[in-house]
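Novice: Right, I'll just put the structure down here and ask away after.
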Amino acid sequence: MEKVKIGIVGAGVWGETHAAIYQEHPFAEIVAICDKQEERAKILADKYKIPRIYTDYHDLAEDTNCDAVAIVTPDFLHADIAVEMAAHHKNMLIEKPLATNREDIDRIYNAAKENKVRVMVDLHNRWNPPFNTAWQEIRQGTLGEPYSAYIRHNDIKWVATDMLSWAGQSSILWFLGSHSLDTLRWMFHDEVKRVYSVKKRGILEKLGVPTDDLFLTTIEFSKGGVAQMENGWVTPNGNMNINDFKFSMLCTKGMLSIDASNHNMLQMVTEEKTTTPDILVANRVFDKCKGLSYESIRDFVDRLADGREFRVSLDDARNTAIAILAILESAEKRQAVDVVF
Ligand SMILES: NC(=O)c1ccc[n+]([C@@H]2O[C@H](COP(=O)([O-])OP(=O)(O)OC[C@H]3O[C@@H](n4cnc5c(N)ncnc54)[C@H](O)[C@@H]3O)[C@@H](O)[C@H]2O)c1
């Protein structure tokens, strides 16, 4: 099988995750890396032996020896790059969220359709083993029909204060809520109809990050399912995991629950703190990338190479982002909002 020639835009924290998996994938070849901070691109180019470096994504778009592009820039900087890549007929893996306003969502969607390019958005919780097993059980009808659900998906403060330089320009709803909401849509096999959300603000602002602390959201699905979704960026840094991740679902003939954070698969204690590393998310077994963060990216290459449909469609990503916009609007107006696709 011919290798997919991939370029990466964004040589930051998550750009390196992409580089690591493409490098070991038998059907992928990283041909170029682009970052407006040249030094960052150079570091990854050296480490992953990437032949071409660009500082302007337009030059990568013009690169005819590149079939597909991974867009790994901050949440709110995906659209211009995606539209340009679509115009140059590059297939794409776009980091979540698809985009953070309606105009950008529509621009990417229309550009992909008009230019007939294939797009997947990295809503990777579908590759999370306990969630995937739960989804299979629900689809097989073992538990009956989904009735109600609860999802709690929080990060420690450090992610907003230290890991991301741009958290103040985004929201926990984009950063983690995209995964939570996609998971709910996927589990219910349904679209969000109406949302009501309440938010809190202040803790992060005092720490110099001008963004909301948390959102508590009630969600109604079109076929009648209901869910509660909690997303926050203010869990204490001493928490044993970066993520605080719980899920439960009540169905008409049974229920299930997942504790994806306190699994205690590995506990490590130092003089300072105890951690239970998120090895379901990303780890290495000898020199191989393992964990759901890598699996979604690996699956993108597999399916690009052999032509199968992506497991996260462009419509999935679009509808998830549009429902998140409704949640943001609801929390701002303090009233329920109908989602208009
Ligand atoms: N799938 C996941 O769970 C997951 C985890 C972490 C991050 N992400 C996503 O990945 C994306 C990037 O996050 P990150 O943590 O790597 O951010 P980062 O700040 O570490 O890296 C972003 C890089 O993009 C570069 N950049 C910005 N604008 C650019 C442009 N126009 N052209 C070229 N380069 C440009 C910046 O210079 C920076 O090096 C975000 O959308 C984030 O939500 C996803």
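Novice: Would you pick out the residues in the range 209-231 that are open to solvent by less than 60 Å² (accessible area, probe 1.4 Å) and in a loop (DSSP other than H, G, I, E, B)?
Specialist: Selection gives Val209, Thr211, Asp212, Asp213, Gly224, Gly225.
Novice: Taking only the range 179-203 into account, find how many residues are closer than 26 Å to Gly144 by Cβ and either open to solvent by less than 80 Å² (accessible area, probe 1.4 Å) or within 16 Å of the ligand (Cβ to nearest atom) (or both).
Specialist: 14
Novice: Answer yes if at least one residue in the range 249-258 is assigned by TED's automatic domain parsing to the domain that holds Glu145, exposed (fewer than 12 other Cβ atoms within 10 Å of the Cβ) and not in a strand (DSSP E or B), and no otherwise.
Specialist: yes
Novice: Restricting the first residue to the range 33-53 and requiring it to be under 14 Å from Val69 (Cα atoms), which pairs with a second residue that is in a helix (DSSP H, G or I) and near the ligand (Cβ under 9 Å from one of its atoms) meet a Cβ separation below 8 Å and a spacing of at least six or different chains?
Specialist: Close Cβ pairs satisfying both conditions: Ile33/Gly15; Ile33/Ala41; Cys34/Ala41; Cys34/Tyr57; Cys34/Leu60; Asp35/Gly15; Asp35/Ala41; Ile53/Ala41.
Novice: Okay, next question. How do the helices (runs of 4 or more DSSP H) wholly within the range 1-75 filter down when requiring 3 or more residues that are among the small types (Gly, Ala, Ser): which remain?
Specialist: The helices (runs of 4 or more DSSP H) meeting that bar are 13-24.
Novice: Okay, next question. In the range 137-155, which residues are open to solvent by less than 40 Å² (accessible area, probe 1.4 Å) and not in a strand (DSSP E or B)?
Specialist: Matches in the range 137-155: Ile138, Gly141, Leu143, Gly144.
Novice: Closer than 20 Å to Met163 by Cα and surrounded by 15 or more Cβ atoms within 10 Å (Cβ to Cβ) - does that describe any residue in the range 44-61?
Specialist: Yes, the range 44-61 has at least one match.
Novice: Same structure, new question: If I go through the range 62-83 residue by residue, how many of them are away from the ligand (no atom under 15 Å from the Cβ) and open to solvent by less than 30 Å² (accessible area, probe 1.4 Å)?
Specialist: 1
Novice: Go through the range 288-301 and count every residue that is more than 13 Å from the chain's Cα centre (by Cα) and open to solvent by less than 40 Å² (accessible area, probe 1.4 Å).
Specialist: Total satisfying the criteria: 5.
Novice: For residues that are near the ligand (Cβ under 7 Å from one of its atoms) and open to solvent by 60 Å² or more (accessible area, probe 1.4 Å), tally how many sit in the range 1-33.
Specialist: Here the count works out to 2.
Novice: Pick from Ala134, Ala86, Ala111: which is crowded, with 17+ Cβ neighbours inside 10 Å and in contact (Cβ under 8 Å) with a residue 60 or more places away in the chain?
Specialist: The conditions single out Ala134.
Novice: Additional query: Which numbered condition in (1) more than 14 Å from the ligand (Cβ to nearest atom); (2) open to solvent by 80 Å² or more (accessible area, probe 1.4 Å) is the only one that Lys36 fails?
Specialist: For Lys36, the exception is condition (1).
The values are calculated or read from the model by the stated rules, or taken from the named source; none is laboratory data. Fair warning: this is a prediction, and the values are worked out from it, not measured in the lab. Note: ideal-geometry Cβ built from the backbone for every residue, glycine included; neighbour counts use all protein chains shown. We work out accessible area using only protein heavy atoms, side chains counted, and drop any ligands, DNA or RNA first. Shrake-Rupley method; radii C 1.70, N 1.55, O 1.52, S 1.80 Å.
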